[in-house]
1. Being in contact (Cβ under 8 Å) with a residue 12 or more places away in the chain and in contact with a helix residue (DSSP H, G or I) (Cβ under 8 Å, 6 or more places away or on another chain) narrows it down to one residue among L101, L150; which is it?
2. Can you find a residue that is free of Cβ contacts under 8 Å to residues at least 24 places away in the same chain and exposed (fewer than 12 other Cβ atoms within 10 Å of the Cβ) anywhere in the range 32-43?
3. Would you be able to say whether some residue in the range 99-107 is hydroxyl-bearing (S, T, Y) and more than 22 Å from S175 (Cα to Cα)?
4. Kindly indicate whether S13 is crowded, with 16+ Cβ neighbours inside 10 Å, closer than 16 Å to F122 by Cβ and of a type in the set (S, T, N, Q).
5. List the number of the failed condition for T177; all other conditions in (1) surrounded by fewer than 16 Cβ atoms within 10 Å (Cβ to Cβ); (2) within 16 Å of the chain's Cα centre (by Cα); (3) under 29 Å from P82 (Cβ atoms) hold.
6. Exactly one condition in (1) of a type outside the set (S, T, Y); (2) within 30 Å of K15 (Cβ to Cβ); (3) surrounded by 14 or more Cβ atoms within 10 Å (Cβ to Cβ) is not met by K172; state its number.
7. Can you give me the number of residues within the range 46-67 that are surrounded by fewer than 16 Cβ atoms within 10 Å (Cβ to Cβ) and outside any loop (DSSP other than H, G, I, E, B)?
8. Output the number of residues of the range 16-31 satisfying the condition of being within 19 Å of P124 (Cα to Cα) and either surrounded by 13 or more Cβ atoms within 10 Å (Cβ to Cβ) or small (G, A, S) (or both).
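The values are calculated or read from the model by the stated rules, or taken from the named source; none is laboratory data. The shown structure was predicted, so the numbers you read here are calculated from the model rather than taken from an experiment. For neighbour counting, all protein chains shown are included, and Cβ atoms are generated from backbone atoms with ideal geometry for every residue, glycine included.
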Amino acid sequence: MSIKSDKWIREMSLKKEMISPFVDNQIRKGTISYGLSSYGYDIRVSDEYKVFTNVNNSVVDPKKFDDKSFIDYKGDVCVVPPNSFALARSIEYFKIPRSVLTICLGKSTYARCGIIVNVTPFEPEWEGHVTLEISNTTPLPAKIYSNEGLCQVLFFESDEVCEKSYKDKGGKYQSQTGITLAKHK
């Protein structure tokens, strides 16, 4: 298994629509950077959020998640309450090749402010907008800037294709658009 370079990411995105829309270089000026980097791709957070609130005193249950625990918000900046989190989605839509697995990590600009981005790996042949979990670990409100970089995706390609891909398994988050809450099958 090897990590893939900017050249490979560019080729896969332009020829096979692996990332769409695709930004062919790193955009930095006046923004938290996004776009193609040396060995990854910095994805942007859209302007749509679901901000966690506990006004209903709900229990967080991944098998029966209560969507009333969120307030829908749309805007240029989202303020995540102290010691809370928000869900968002990527601007980019991904189509992961069968021989590829990705790992997504938060950008250091946010990490240095106590803002953690949690994203699970994109499995072989998964496709969709990425649902992003943004945790504010601080005792203060935290700003998230829409349409700017939030996390970086690293691409790993195997020497052989997997026996069963996410698509083959009929994965419950396949082809998701928008912010997708926890599902239990």
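1. On the way: L101 fails: in contact with a helix residue (DSSP H, G or I) (Cβ under 8 Å, 6 or more places away or on another chain).
One residue alone meets the criteria, L150.
2. Checked against the condition, which is being free of Cβ contacts under 8 Å to residues at least 24 places away in the same chain and exposed (fewer than 12 other Cβ atoms within 10 Å of the Cβ), the range 32-43 yields no hits at all.
3. no
4. yes
5. Checking T177 against (1) surrounded by fewer than 16 Cβ atoms within 10 Å (Cβ to Cβ); (2) within 16 Å of the chain's Cα centre (by Cα); (3) under 29 Å from P82 (Cβ atoms), the one that fails is (3).
6. All conditions are met except number (3).
7. Of the residues in that region, 1 qualify.
8. Taking the range 16-31 and keeping what is within 19 Å of P124 (Cα to Cα), we get 16-20.
Right, trim to either surrounded by 13 or more Cβ atoms within 10 Å (Cβ to Cβ) or small (G, A, S) (or both) and you get 17-20.
Adding up the residues that qualify gives 4.
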